[in-house]
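Input: a single structure, listed below in structure tokens.
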Amino acid sequence: MAGYIGINPQLCTGCRTCMLACSFAFFKVFNPSKSKIIIEGNEEEGTFDIKFTFECVPCDVCAKYCAYDALTYVEKE
Amino acid sequence: MYGYTGKTLVIDLSNRKVTQKEMSNQDYFEYIGGLGMNTRILLDEMDPSIDPLSEDNVLCLGTGPLVGTMAPTANRTDISAKSPLTKLLGTSNSGYSWGPELKFCGYDHLVIKGKSETPVYIFITNGEVNILSADHLWGKDSWDTIRAIKNELKDKEISVACIGVGGERLVKFASIENGFYGAWGRTGLGAVMGSKNLKAIALRGHGDVAVADPEGFLKSVDEMRTRIMNHPTYKPWRQFGSMLAVDIYYPLGAITAYNQSEAAGEDFIKTMGRENLLKYKKKSIGCTACPIACANWVEIDDGPYKGLKLKGIEITPTMDFGARCGIRNLAAIAKATEIFQKYGIDCSTAAGSIALAIELFQKGIISKADTDGLELNWGDEPLIFELLRRITYREGFGDLLAEGPVEMARRIGKGSEQYLTQTRGLETNSRDPRGRWDVWSFGCLINARGGDHLRVQSPAENLRESAPEGEYYYEFSPPEKVVARIAIFDDWKEKIFDLGKNTVNIPYMAAWSQDLMNIVNSLGTCIRPPVLHSLGPTIYSKLLTALTGIEFSPEDVRKAGERITNIQRIFNFKAGEKREDMKYSPKFYNVPIEGRKLDKGKVDKVLDKYFEVRNWDIKTALPREEKLRQLNLNEFPWSRLS
């Protein structure tokens, strides 16, 4: 797919569904440590960082399963 | 194995022996996981009549098969043991990340036996089990404990379940904290952990949760997600979280104040209603795999609690410290949340003890001579926070409150048991049964863990109108179009609903609801209305079959829920609970709220009908032989009931 993932960490709730969906899409197992998107939380502050590994080849799986609009798939023009 | 890891880790703290137990497909088929499997393990491993704070008690921490997957809300862990508070089956359920992490560590269940001679904590990572000294953690509050463990193990992504000082001091309603802001709060399981000298269980796993039929599973996940996110309660739950319900229960007359002595007044709803939350709420926080994110991140920017920020302000502490203890300031509920989370005590029973103490003081049954010189008044925030501290450290008058309201009343005497608002040892205060009689309030009599509201909730409630006073068999049903789409089997719908009369049969609906919630608490999913009201055994059977490769029919799933109800009753019977113990506290029968009080004779008749629905003996409330055989329960040593 030609596009990229737009991120808005302010809207991230820390549910990590994106990480589960990513590992499932690529490996057919659930395992956050195999995910190409990484959500790092600061539980005490209620904040979350959104990062991607170098292996991420933007598809829309993580954005498709983000219920909070913290991730959106943007088509390249 | 698919879905399940197939492994239960057993740690005996008396001799530090660590073993693994392999579970069979038949075990999973019959008990699903989580709560169901926990209860089965407890019956296999312990005698329910033991002293709950002795080393003979067994602490069972169980995830469900869906936990660790992206099935919406599949993040929950049920912790079970004999309760030191109720002396019944202790069980409490919590979400966030601990359960998924246990699965990624390679285990479905963790069973803790025995007692360590010295304080320890357990660190499990990828199949490696470490039992480490907790000498340096003993005495720390839960937040400092979590910080210290993450620092010394050099990994901030570790998930920690721990006790605070409340658990160490064996407060009978101590909680097990789940990260900074969650808890397995009810039934005093933190005291069981404390009695074993176990301060914390820390997890970090990198293993897979495998899926038998990936395509089929994803299809069912998408269906589940669509149903949840399209349910009418979804958006309001996102906006307000559980505080949504405060403004729904109030006009029903179901919220009662001052140790449940009178209907909550306008002062309550004006100061504690859900709109007040929006002043402090900054964002939503979600547990793992949850599309709802019902938790409120709040920041207090004025008044005496300025600067406080945390995940908090939920309906439960708002009822506990607001309605029940008289606080009329939502920011103070955030402060109370910080205190009880750090100390590691259950907010509901802590507030139960405090509210009883205040009422007894106000009535002159106890005096300053009993309270260390403290004057006990409703809504006195500094006093309530100081009592939480004294309870936690069992200091002076707090030592009595730390025993919980039922034991407090027994020790104080002088008729104080007449002021109790506990049912079978637990607070019945979220919706007062005198203000609103329905499946929810009847459920407090049959809930396996004691009389709170969280294990028997109807998936088809009509919260706009209540049944007329004196009606005990029925509540009003939702509109016909809602009944049509609700995920209840057609043959059960026929027994439950009378659409001509617009009614719900309470005994039948209570049985369906109880079994359904057992299923949910065994799968590891959530009971919030967008989930509970939109899903049922049919979709759960599809998810289970695709995930595990074990063929589950919708009836198999329902029957597992029923089986779990039956073994919970067996546990409680063997722990000593008799049919005549299944009653509300005297206050609900004797003290009217706006003219309404419960009629014990009529309540007992509904209970008898419920036992008939269950095929249980009416006199003993025990499953008949035929029922045990139907559920494949008749050949266990623990299922001999005579």
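So between residue B:222 and residue B:22, what do we pick up on full extension, going 0.36 nm a residue minus the alpha carbon distance? Could you put the intermediate results ahead of the total?
Details: separation 200, 0.36 × 200 = 72.00 nm, distance 3.14 nm.
Length difference between fully extended and current span is 68.9 nm.
Which whole-number percent gives the relative contact order of segment B:503-642, counting Cα pairs below 8 Å spaced six or more residues apart?
Numbers: 104 pairs, mean separation 33.3, N = 140.
With pairs under 8 Å counted, the relative contact order is 24 percent.
With each pseudo-label sitting 7 Å past Cα toward Cβ, what's the residue B:618-residue B:498 distance in nm, one decimal?
The two pseudo-label positions are separated by 1.9 nm.
Can you tell me the Rg and Dmax of segment B:23-126, counting just the alpha carbons, in angstroms?
Over segment B:23-126's Cα set, Rg and Dmax evaluate to 14.0, 41 Å.
Hey, could you pull the Cα Rg and Dmax for segment B:140-248, both in Å?
Values for segment B:140-248 (Cα only, Rg and Dmax): 19.0, 50 Å.
Give the dimensionless ratio obtained when the Cα radius of gyration of segment B:432-548 is divided by 2.2 N^0.38 Å. The partial results should precede the final answer.
Working: Rg = 14.2 Å, N = 117, 2.2 N^0.38 = 13.4 Å.
Taking N as the residue count of segment B:432-548, the ratio is 1.05.
Residue B:602 to residue B:262: extension gain in nm, 0.36 nm per residue of separation minus the Cα-Cα distance?
Details: separation 340, 0.36 × 340 = 122.40 nm, distance 2.27 nm.
Residue separation times 0.36 nm, minus the Cα-Cα distance, leaves 120.1 nm.
Taking the Cβ-Cβ separation of residue B:152 and residue B:490 as r and a Förster radius of 45 Å, what is the calculated FRET efficiency to the nearest 0.05? Before the final figure, lay out the partial values.
On the way: r = 57 Å, r/R0 = 1.26.
Plugging the Cβ-Cβ distance into 1/(1 + (r/R0)^6) gives 0.20.
From the Cα gyration tensor of segment A:24-77, with a ≥ b ≥ c the square roots of its eigenvalues, which class applies: rounded if a/c is under 1.5, or else prolate if a/b is larger than b/c, or else oblate?
Working: a/c = 1.79, a/b = 1.22, b/c = 1.47.
Taking the square roots of the gyration eigenvalues as a ≥ b ≥ c, segment A:24-77 is oblate.
Run the quick spin-label model on residue A:44 and residue B:635: label points 7 Å from Cα toward the beta carbon, then report their separation in nm to one decimal.
5.6 nm
State whether segment B:578-626 is rounded, prolate or oblate according to the following rule on the C-alpha gyration tensor (a ≥ b ≥ c being the square roots of its eigenvalues): a/c under 1.5 gives rounded; otherwise a/b larger than b/c gives prolate, and the remaining case gives oblate. Provide the component values of the computation, followed by the final result.
Numbers: a/c = 4.65, a/b = 2.55, b/c = 1.82.
Judged from the Cα gyration tensor, segment B:578-626 comes out prolate (a/c at least 1.5, a/b above b/c).
Pairwise over distinct Cα atoms, reciprocal of the mean inverse distance: report the Kirkwood radius of segment B:422-486 in Å, one decimal place.
Numbers: mean 1/r = 0.0801 Å⁻¹.
Its Kirkwood hydrodynamic radius stands at 12.5 Å.
Just for the Cα atoms in segment B:96-183, what are the lengths along the principal axes, largest first, rounded to whole Å?
Principal-axis extents of the Cα atoms in segment B:96-183, largest first: 32, 28, 24 Å.
For chain B, what is the calculated [θ] at 222 nm in deg cm²/dmol (nearest 500), taking -39500 (n - 2.57) for each run of four or more DSSP H residues and dividing by its residue count? Could the numbers behind the result be given before it?
Values: 26 runs with 249 residues, N = 642.
After summing the helix terms and dividing by residue count, I get -11000 deg cm²/dmol.
Check chain A for me: any Cys whose beta-carbon has no other cysteine beta-carbon within less than 4.7 Å?
Result for chain A is A:12, A:15, A:22, A:56, A:59, A:66, no neighbouring Cys Cβ within the cutoff.
Under 19 Å Cα-Cα from residue B:574, which lysines qualify once same-chain neighbours fewer than 8 residues away are excluded?
B:82, B:87, B:583, B:619, B:627
Tell me, B:408, B:229, B:37 in order of fewest to most beta-carbon neighbours within 10 Å?
Numbers: B:408 21, B:229 16, B:37 28.
Listing B:408, B:229, B:37 from fewest to most nearby Cβ atoms yields B:229, B:408, B:37.
Applying 1/(1 + (r/R0)^6) with R0 = 25 Å to the Cβ-Cβ distance of residue B:128 and residue A:33, what FRET efficiency is obtained, to the nearest 0.05?
Details: r = 16 Å, r/R0 = 0.62.
That pair, residue B:128 with residue A:33, gives E of 0.95.
Per residue, what volume in Å³ does the convex hull of the Cα atoms of segment B:193-304 enclose? Walk me through the numbers before you get to the answer.
On the way: hull volume 26.7 nm³, N = 112.
So the per-residue Cα hull volume is 238 Å³.
Taking the Cα centre of each part, how many Å lie between segment B:596-633 and segment B:269-331?
Result: 39 Å between the Cα centres.
For residue B:275 and residue B:594, compute 0.36 nm times the residue count separating them, minus their Cα-Cα distance, and round to one decimal in nm. Don't skip to the end; give the middle numbers.
Working: separation 319, 0.36 × 319 = 114.84 nm, distance 2.64 nm.
Gain on extension, residue B:275 to residue B:594, equals 112.2 nm.
Under a point-charge model restricted to the Cβ atoms of Lys and Arg (+1) and Asp and Glu (-1), what is the dipole moment magnitude of the protein assembly as shown relative to its Cα centre, in debye to the nearest 20?
On the way: 90 positive and 93 negative charges, 55 e Å.
Using only the charged Cβ atoms, the result is roughly 260 debye.
What percent do you get for the relative contact order of chain B when only Cα pairs under 8 Å and 6+ apart count?
Details: 1470 pairs, mean separation 103.4, N = 642.
Normalised by residue count, the contact order of chain B is 16 percent.
Roughly how many Å is it from the Cα centre of segment B:523-579 to that of segment B:88-124, as a whole number?
21 Å
Quick check on segment B:601-642: take the gyration tensor over C-alpha atoms, sort the square-rooted eigenvalues as a ≥ b ≥ c, and tell me if it's rounded (a/c under 1.5), prolate or oblate.
Numbers: a/c = 4.17, a/b = 2.29, b/c = 1.82.
Verdict is prolate for segment B:601-642.
For segment B:224-320, calculate the relative contact order in percent as a whole number, restricting contacts to Cα pairs under 8 Å that are 6 or more residues apart.
27 percent
5 Å is the cut-off here: which amide hydrogens, built 1.01 Å from N in the peptide plane, fall below it relative to residue B:345, excluding neighbours closer than 5 in sequence?
For residue B:345, whose amide H was placed from the backbone, the distant partners under 5 Å are B:175.
Give me the distance in nm between label points sitting 7 Å out from Cα along the Cα-to-Cβ direction at residue B:411 and residue B:625, one decimal.
Roughly 4.7 nm, to one decimal.
Once the Cα gyration tensor of the protein assembly as shown is found, what semi-axes does its equivalent ellipsoid get, as square roots of 5 times the eigenvalues, in whole Å, sorted largest first?
Result for the protein assembly as shown: semi-axes of 35, 30, 27 Å.
Using +1 at the Cβ of each Lys and Arg and -1 at the Cβ of each Asp and Glu in segment B:463-565, identify which of B:512, B:524, B:537 lies farthest towards the dipole's positive end.
Highest projection toward the positive end goes to B:524.
With no solvent and one point on each alpha carbon, what is the Debye value of log10 I(q)/I(0) for segment B:399-459 at q = 0.12, 0.14 Å⁻¹?
Log10 I(q)/I(0), no solvent term: -0.33, -0.43.
Can you work out the FRET efficiency for the pair residue B:135 and residue B:212, with r the C-beta to C-beta distance and R0 = 41 Å, to the nearest 0.05?
Details: r = 45 Å, r/R0 = 1.11.
Once rounded, the FRET efficiency stands at 0.35.
Report, please, the projected area of chain B averaged over directions, based on the convex hull of its C-alpha atoms, in nm².
25.4 nm²
FYI, it's all coordinate maths here, none of it is from the lab. No experiment lies behind these values; they were computed from the predicted model shown. Counting neighbours? That spans all protein chains shown, and the Cβs are built from the backbone with ideal geometry, glycine included.
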